[in-house]
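The structure under discussion appears below in the form of structure tokens.
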Amino acid sequence: MTDPGFVASIFDMDGLLVDSESLWQVAEVEILGGLGVPIDPHQCRQTKGMFVNEVTAYWHERFPWHGPTTDDVAVQVVDRVCQLVVERGHLLPGVDQAIGLCQRHGLVLGLASSSEYRLIDLVLGHFGLAPHFDVVHSAEEEPYGKPHPGVYLGAAAKLGADPTRCLAWEDAGAGVLAAKAARMVCVAVPEPAERDRPPFAIADAVLGSLAEADDDLYARLVAARDVSAGTPPLDREAP
């Protein structure tokens, strides 16, 4: 039976389901560094959660380069990430456990990612995750990436679910802000070095890994949903 608290569960992808954040860093350092941007893996964290075209625009504004457009560079970055996912990527601990928990409680599953559809499709197919997700929604379809709530609201709309009855799973601070702005209950699974960042203070639960997802956690999240359900909605069109 579907739990009275939630009807849907929406997962982020990069850094939550698959260990791809480090691969994005490699790609950005290679591609942007080759254009003269003085970037290192630590600085890549400044744009974590953004759509790739926003990332390249961000760095071009600060360190303009001659030659390819920011959109062309974004294509190069995603091409490289796709290659690295196949060569080096792996699922993070607890993915099956978190998905199984949601399915056991009768929730439909969606994915809301800042990645392009071609990378999403590659990851879900490569790791055999595609059958678990009823819908997939990319910020590619939205005017703004995270922390704007559009990608989460879009995924909820595709699922036919009231956002207040959706459970979101995130690893990035920008993603937590997006999920909470969409009025969803949010589980955060940050990297240890980022756990104390301000956005994670508004998450409804903060885990060390998805392997901590269990029925006790789920009961606490239902209670958190009951408390927050009265919050007035945000306008989706607001930037």
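Every number in this text was worked out from the coordinates using simple rules, so none of it is lab data. The structure presented is a predicted model; accordingly, all values stated were derived computationally and were not measured. Glycine also receives a Cβ, built like all others from the backbone with ideal geometry; neighbour counts cover every protein chain displayed.
Assorted remarks:
- Choice from Asp196, Asp12, Asp79 with maximal GNM fluctuation in the chain (Cα, 10 Å cutoff): Asp196
- Equivalent ellipsoid semi-axes, the stretch 111-239, via Cα gyration tensor eigenvalues times 5, rooted, Å: 21, 19, 15
- Each label was represented as a point 7 Å from its Cα along the Cα-to-Cβ direction; for His126 and Tyr58 these points are 2.2 nm apart.
- Anisotropy class assigned to the stretch 165-214 is oblate, per the alpha carbon gyration tensor with a/c at or over the 1.5 cut-off and a/b no larger than b/c.
- Within the stretch 29-78, the chymotrypsin sites (Phe, Trp or Tyr not before Pro) that combine a DSSP coil assignment with at most 16 other C-beta atoms in a 10 angstrom radius are Trp65.
- Under 5 Å from the amide H of Ala205 lie the amide H atoms of Cys186, Ala188, each residue being 5 or more positions distant or on a separate chain, with H modelled from the backbone and absent for Pro and chain starts.
- log₁₀ of I(q)/I(0) at q = 0.11, 0.28 Å⁻¹ - the stretch 39-110, Debye sum with one point per alpha carbon: -0.46, -1.25
- In this structure, Glu30 and Arg197 have a Cβ-Cβ separation that, at R0 = 25 Å, corresponds to a calculated FRET efficiency of about 0.45.
- Nonlocal amide H pairs with Phe51, under 5 Å, H built at 1.01 Å: Gly145, Lys146
- Cα gyration tensor shape for the stretch 66-178, rounded if a/c is under 1.5, else prolate or oblate: oblate
- At R0 = 30 Å, FRET efficiency that the Cβ-Cβ distance of Gln83 and Val206 yields, to 0.05: 0.40
- Overall, the anisotropy analysis places the chain in the prolate class: the square-rooted eigenvalues a ≥ b ≥ c of its C-alpha gyration tensor yield a/c not less than 1.5, with a/b exceeding b/c.
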